[in-house]
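> The following block contains the structure, expressed as structure tokens.
The values are calculated or read from the model by the stated rules, or taken from the named source; none is laboratory data. Model, not experiment: these values are computed from the prediction. Every residue, glycine among them, receives a Cβ derived from its backbone with ideal geometry; neighbour counts consider all protein chains shown. For the accessible areas, the whole protein counts, side chains as well, though only heavy atoms, and no ligand, DNA or RNA atoms are used. Shrake-Rupley method; radii C 1.70, N 1.55, O 1.52, S 1.80 Å.
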Amino acid sequence: MKFPEDLKYTDDHEWVRVEGNIATIGVTDHAASELGDVVYIDIEMDGVVSKGDTLGTIEAVKTVADLYSPISGTITEVNTGLNDNPEVVNNDAYGEGWIVKIELSDSSELDELMDADSYKASIGH
Amino acid sequence: MKKTGFYNQHKELNAKMVSFAGFEMPIQYPKGIIHEHKLVRSSVGMFDVSHMGEFFVQGPEALDLVQKLITNDASKLEIGQVLYTAMCYEDGGIVDDLLTYKIADDHYMLVVNGSNIDKDYEWVEKNAVGFDCEIRNESDEYLLLAVQGPKSKETIKKLTDCNLDDMEFYRFAYDQTLAGVPAIVSRTGYTGELGYELYFKGGEAEAKKVWDALMEAGAEFGIEAVGLGCRDTLRLEKGYVLYGNDITQDTNPIEAGLGWITKLAKDDFNGKSVLEKVKADNPDRRLVGFEVTADRFIARQGYKLFKGEEEIGFVTSGNLSPSLDKPIGMGYVKWDYKDPETEIEIEARGKRFPATVKKMPLI
């Protein structure tokens, strides 16, 4: 299980990769493994979101989980590639398995996220 | 938490273990539920289902006790034949669904759900009072592997002298050996595929011996250990009910679509008079299968079902069908909405998702 050092993490098992003022968001290897085979990702939100908003749902064979926005901003892109290949969330959680991109409205929120070591510790790794 | 004799094998294979029926059981192995499901449909997979319970009823009045307990008719069984049945309380509520094996005229084995062993045995003991037969709960002594899939026969054949070619569906052989270990070989399963259930006694040593032998025998077909997760998706596609989801003590066999294993013409059995009345009046509701037609939504146990503004029932099981690549499920609906192709809606997260009642099995 991987936890790239250059990412930020949340209690809800999401990762955030910041490039300029764009945050790319996905779920961690740990979350994907706990969910089991991911079969649908449904992003219902559009436009402006606040930190903590429900962006949509992740349906896996065993269970369904809400996906929360780790930061506030404006959704600029949704990974439509997941419609046909949701399994990349399991296979490549930090790459092809990204879920949404959000343009940050308050970059200070990033300071509240965990680094890789804190996240690993939080899940007992 | 109890462990089955195959615990070490599961750990070596990095299974994801969950608590089920008081046991630590493998829900899936690293390749995942969809992979395991497809393997069983296309070739062969092996389930540890040692959590299941084995009761024995033996003595001059063994058949009389079995007949009182179960809804199906065991009087017509031949030796070596298996019967799928329900067992009801006096009020018609289902105690469990189970398999009845006729070992001899005076000797039967009842195979019950792991999560129900204690309450089932209590119920059997209570009913056994006054019958000239002994009952035994050997659930802790038996290991059980279900080898399922089109290549299951060729796999098992290598390890037993049992004549599998002449063994029909729902038949078994009692005094057999498997990889040198005494075993009951039964052509039964919960997947809808060709498959066998292999009962044998022992501890970790026997478990390892049989497990390794089956893995080796099935290697040419790509056999793998498969978990409870795909057991659930496999049975759901075939419309097999799961106790605790689709049937409970608050449901009866008639409304659950188990009328075919409820022989009301049989002499008295627990629940008979209630079930006769339910049958005559039609039940208020019926268990149905459905396909979800909404995009990207899986129905889950407990979600409510609607027709327009009317709440008509609830989901009892739901999942993705890996074979159809569509979400499917089962649930109770009011009697008027039970017919195939009825359009219904499922409520979840404050929204409605369309679904269509389908004839079972769904594949």
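> Can you confirm whether segment A:14-37 contains a residue that is closer than 25 Å to A:His125 by Cα, modelled with pLDDT under 95, surrounded by 14 or more Cβ atoms within 10 Å (Cβ to Cβ) and among the polar types (S, T, N, Q)?
Yes, because at least one residue in segment A:14-37 is closer than 25 Å to A:His125 by Cα, modelled with pLDDT under 95, surrounded by 14 or more Cβ atoms within 10 Å (Cβ to Cβ) and among the polar types (S, T, N, Q).
> So, one more: On the given criteria, is B:Gly271 away from chain A (no Cβ under 14 Å), buried (at least 17 other Cβ atoms within 10 Å of the Cβ) and either touching a helix residue (DSSP H, G or I) at 6+ places or on another chain (Cβ under 6 Å) or not polar (S, T, N, Q) (or both)?
So B:Gly271 fits the description; yes.
> A further question on this structure: Which of the residues belonging to segment A:52-62 are facing another protein chain (nearest Cβ under 8 Å) and closer than 16 Å to B:Ile33 by Cβ? I'd like the intermediate steps shown before the answer.
First, the residues of segment A:52-62 that are facing another protein chain (nearest Cβ under 8 Å): A:57, A:59, A:61-62.
Correct list: A:Glu59, A:Val61, A:Lys62.
> I'm trying to understand the selection: among the residues of segment B:97-115, which are touching a Gly at 6+ places or on another chain (Cβ under 9 Å) and over 18 Å from B:Tyr199 (Cβ atoms)?
Looking only at segment B:97-115, we keep the residues that are touching a Gly at 6+ places or on another chain (Cβ under 9 Å), and these are B:98, B:101-103, B:106-107, B:110-115.
Listed by number, the residues that qualify are B:Asp106, B:Ser115.
> So which residues in segment B:321-363 are open to solvent by 80 Å² or more (accessible area, probe 1.4 Å), in contact (Cβ under 8 Å) with a residue 12 or more places away in the chain and either of a type in the set (Lys, Arg) or under 23 Å from A:Gly56 (Cβ atoms) (or both)?
B:Lys326, B:Lys334, B:Lys359
To keep it simple, each residue is scored yes or no on (1) of a type in the set (Phe, Trp, Tyr); (2) under 22 Å from B:Glu237 (Cβ atoms); (3) in contact with a Ser or Thr (Cβ under 7 Å, 6 or more places away or on another chain).
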site: B:Ser19; (1), (2), (3): no, no, no
site: B:Met25; (1), (2), (3): no, yes, no
site: B:Gln28; (1), (2), (3): no, yes, no
site: B:Glu36; (1), (2), (3): no, yes, no
site: B:Arg41; (1), (2), (3): no, yes, yes
site: B:Met52; (1), (2), (3): no, yes, no
site: B:Phe55; (1), (2), (3): yes, no, no
site: B:Gly80; (1), (2), (3): no, no, no
site: B:Thr85; (1), (2), (3): no, no, yes
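> Could you name every one of the strands (runs of 3 or more DSSP E) located completely within segment B:88-205 that has at least 3 residues being in contact (Cβ under 8 Å) with a residue 40 or more places away in the chain and surrounded by 17 or more Cβ atoms within 10 Å (Cβ to Cβ)?
Numbers: elements: B:94-104, B:107-112, B:134-137, B:142-148, B:172-178, B:181-186, B:195-201.
Here the list reads B:94-104, B:107-112, B:142-148, B:172-178, B:195-201.
> So, one more: Filter segment B:20-45 for residues that are at negative phi and away from every other protein chain (no Cβ under 14 Å) and give the result. Give the steps one after another, and end with the answer.
Taking segment B:20-45 and keeping what is at negative phi, we get B:20, B:23-31, B:33-45.
B:Phe23, B:Glu24, B:Val40, B:Arg41, B:Ser42, B:Ser43, B:Val44, B:Gly45, listed by residue number.
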